[in-house]
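Peer 1: Input: one structure, supplied below.
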Amino acid sequence: MKTVSLALRNLTRNKRRNAILAIAIAFGFFVVTAIDGLTTGMVSNLEQQITQLVGGNVVAQGLEWLAPEDEGGKAKLVNIVRDRDYIKNVVDRCKINYEYYSCFTRSGGQIIFAGRKSVIQLYGRDLTEKQLLDSFQFVSGGVNHAVKNGLIISDKTAEAMSLEVGDVVIYSTSTVYGQNTFADMTITGILKSNSFVNTVQAYADIEDVNEIVEMPEGGYSMFSIYLRDKNKQTKAANMIEAAIREDHEKDPAINVTSRMEAMRTNPSNIGKGIEKQIDVRKAENEWTGVKYAVETLYDEIPQIKTVLNVVHIITTVILIVILLIVMVGVSNTYRMVLYERIREIGTMRALGMGGNDTRRIFTNEAVILCVIGALAGLVFAALVMLIVHLIPITNESLTFFLQKGHFSFRVSVGSIIIQYIILIILTTLAVRGSAKKAARMSPAEALRSVK
């Protein structure tokens, strides 16, 4: 403790030099923290929007094999989950820690109004879900449960087709069995779109969509799970698949794809490997009943995880480069400090201070200075990130990386701890030479030295 107190006292002796050094360290930490927070936030926003589009971190869809109607015809794949509670019961049985889940029916088609057409991706959802409602930013209108076939579209679609709340459009799509169908739908709400993904998204009540696409009563096309920890999505998908496979042994009408097989055939893209297992062009894939395909967001878009890892590697490399530059300054500074304190060191050694204690004073002084500078840089970065987050961004080319029109920052506590460890190690190495020289100095020789 005495060496720490002496190190703290020494920091107050040459305030200007120590302040300049601390500012340099703070600037380095500010740059790295801000870059790491911004890039991680942008990638996380991209991931969140794709998660919203896909339907969750983990998605289970039910698929039925429809044999060809005529000899020589083609088999069809029908996306139907007839038992609305089955996957939910499996998830609960596996004790998966999720934030919420959703059953939805997805339908692609066109809306037609006054001779104009626009492609949309229609999601039949439970429009009472709190999480879904919280994600909506209405420009006009809203959810209206009293309207049959009520439709919620994006502002870009509404602008392109000159649509307003209350207008009736024709929705052209196909049923779950592939037949063309039409339905009149009334615009009840217009959403602000934050990216090109939101532009084509549209929402309606799941029961209305089921009726339009002739989904069996109580059925849906996909079951999505939003996990509390997105890093556990692969584990959750494997648990669900294993539970369904156990049910297959009791009921042959319940089938499931194999993630292990998909990983073997397509190690870089498990999603494509699962698609091969449900390819209706291959007769050996035929099954009876329903086959569940369990996939994660990273299965479908593995590049996201790669981008996140690359971002953290790049920011760590930037940190190390900046700190190496700063450490050169720290090393030179403490060579000067050693020269200035030669007689002081000799006096302390003559009074009984050991060489190890002398070395610890130098090392502790440098480490404390660097930690204080890093803390200042972290606080400054937090203030700058907060200010930047409050600034609205109107550039449409960036909207895919924004959160409701604003930059958001994601700073990992783990990455900050790693950065501090790197800082302490580099600081210790930077002053090691000066500290060793001070520790080996002879008291008599130091006292005879003239500065």
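The values are calculated or read from the model by the stated rules, or taken from the named source; none is laboratory data. The structure displayed is predicted, hence computed values, not measured ones. Note that we place each Cβ from the backbone using ideal geometry, even for glycine, and neighbour counts take in every protein chain shown. Keep in mind that these areas ignore ligands, DNA and RNA; they rest on the heavy atoms of the full protein, side chains included. Shrake-Rupley method; radii C 1.70, N 1.55, O 1.52, S 1.80 Å.
Peer 1: Can you go through Gly108, Gly150 and tell me which one is surrounded by fewer than 18 Cβ atoms within 10 Å (Cβ to Cβ), modelled with pLDDT of 90 or more and on the phi < 0 side of the Ramachandran plot? Spell out the reasoning first.
Peer 2: Details: Gly150 fails: surrounded by fewer than 18 Cβ atoms within 10 Å (Cβ to Cβ).
Among Gly108, Gly150, only Gly108 is surrounded by fewer than 18 Cβ atoms within 10 Å (Cβ to Cβ), modelled with pLDDT of 90 or more and on the phi < 0 side of the Ramachandran plot.
Peer 1: Hey, another quick one. Can you tell me which residues in the stretch 84-118 are part of a loop (DSSP other than H, G, I, E, B) and touching a helix residue (DSSP H, G or I) at 6+ places or on another chain (Cβ under 9 Å)? Spell out how you get there, then give the answer.
Peer 2: First, pick out the residues of the stretch 84-118 that are part of a loop (DSSP other than H, G, I, E, B): 84-85, 94-97, 114-115.
Cys94, Lys95, Ile96, Asn97, Ala114 - these are the residues of the stretch 84-118 that are part of a loop (DSSP other than H, G, I, E, B) and touching a helix residue (DSSP H, G or I) at 6+ places or on another chain (Cβ under 9 Å).
Peer 1: Same structure again: Tell me yes or no: at least one residue of the stretch 212-225 is acidic (Asp, Glu) and free of Cβ contacts under 8 Å to residues at least 12 places away in the same chain.
Peer 2: The first filter runs over the stretch 212-225 and keeps only residues acidic (Asp, Glu), leaving 214, 217.
Okay, now just the ones that are also free of Cβ contacts under 8 Å to residues at least 12 places away in the same chain, so 217.
Checking the stretch 212-225: at least one residue is acidic (Asp, Glu) and free of Cβ contacts under 8 Å to residues at least 12 places away in the same chain.
Peer 1: Would you list the helices (runs of 4 or more DSSP H) that sit entirely within the stretch 206-285 and hold 3 or more residues that are among the β-branched types (Val, Ile, Thr)?
Peer 2: Values: elements: 206-212, 233-250, 259-265, 270-277.
Hits in the stretch 206-285: 206-212, 233-250.
Peer 1: Being within 20 Å of Ala34 (Cα to Cα) and either part of a helix (DSSP H, G or I) or in contact with a strand residue (DSSP E or B) (Cβ under 8 Å, 6 or more places away or on another chain) (or both) narrows it down to one of Val367, Val337, Val384, Val330, so name that one. Break it down stepwise before answering.
Peer 2: Working: Val367 fails: within 20 Å of Ala34 (Cα to Cα); Val337 fails: within 20 Å of Ala34 (Cα to Cα); Val330 fails: within 20 Å of Ala34 (Cα to Cα).
It is Val384.
Peer 1: Among Arg410, Arg448, which is at pLDDT 75 or above, open to solvent by 80 Å² or more (accessible area, probe 1.4 Å) and among the charged types (D, E, K, R)?
Peer 2: On the way: Arg448 fails: at pLDDT 75 or above.
That would be Arg410, the only listed residue that is at pLDDT 75 or above, open to solvent by 80 Å² or more (accessible area, probe 1.4 Å) and among the charged types (D, E, K, R).
Peer 1: Here is a further query. Scan the stretch 253-268 for residues that are open to solvent by 50 Å² or more (accessible area, probe 1.4 Å) and at pLDDT below 90 and jot them down. Lay out the reasoning, then the answer.
Peer 2: The first filter runs over the stretch 253-268 and keeps only residues open to solvent by 50 Å² or more (accessible area, probe 1.4 Å), leaving 260-261, 263-265, 267-268.
Within the stretch 253-268, Met263, Arg264, Thr265, Pro267, Ser268 qualify.
Peer 1: Regarding the stretch 160-169, can at least one residue be identified that is assigned to a loop (DSSP other than H, G, I, E, B), farther than 13 Å from Ile111 by Cα, open to solvent by 40 Å² or more (accessible area, probe 1.4 Å) and polar (S, T, N, Q)?
Peer 2: First, pick out the residues of the stretch 160-169 that are assigned to a loop (DSSP other than H, G, I, E, B): 162-167.
Add one more test, that the residue is farther than 13 Å from Ile111 by Cα, and what stays is 164-166.
Add one more test, that the residue is open to solvent by 40 Å² or more (accessible area, probe 1.4 Å), and what stays is 164-166.
Next cut, polar (S, T, N, Q) only: none.
No: the stretch 160-169 contains no residue that is assigned to a loop (DSSP other than H, G, I, E, B), farther than 13 Å from Ile111 by Cα, open to solvent by 40 Å² or more (accessible area, probe 1.4 Å) and polar (S, T, N, Q).
Peer 1: Just wondering, is there one or more residues in the stretch 235-258 that are β-branched (Val, Ile, Thr) and closer than 21 Å to Gln49 by Cβ? Let's see the steps before the verdict.
Peer 2: Within the stretch 235-258, the first condition is being β-branched (Val, Ile, Thr), and the residues that meet it are 240, 244, 254, 256-257.
Next, only the ones that are closer than 21 Å to Gln49 by Cβ stay: none.
Scanning the stretch 235-258 turns up no residue that is β-branched (Val, Ile, Thr) and closer than 21 Å to Gln49 by Cβ.
Peer 1: For the stretch 11-45, how many residues meet the condition of being of a type outside the set (Val, Ile, Thr), open to solvent by less than 40 Å² (accessible area, probe 1.4 Å) and over 22 Å from Ser331 (Cα atoms)?
Peer 2: Residues that pass the stated criteria total 6.
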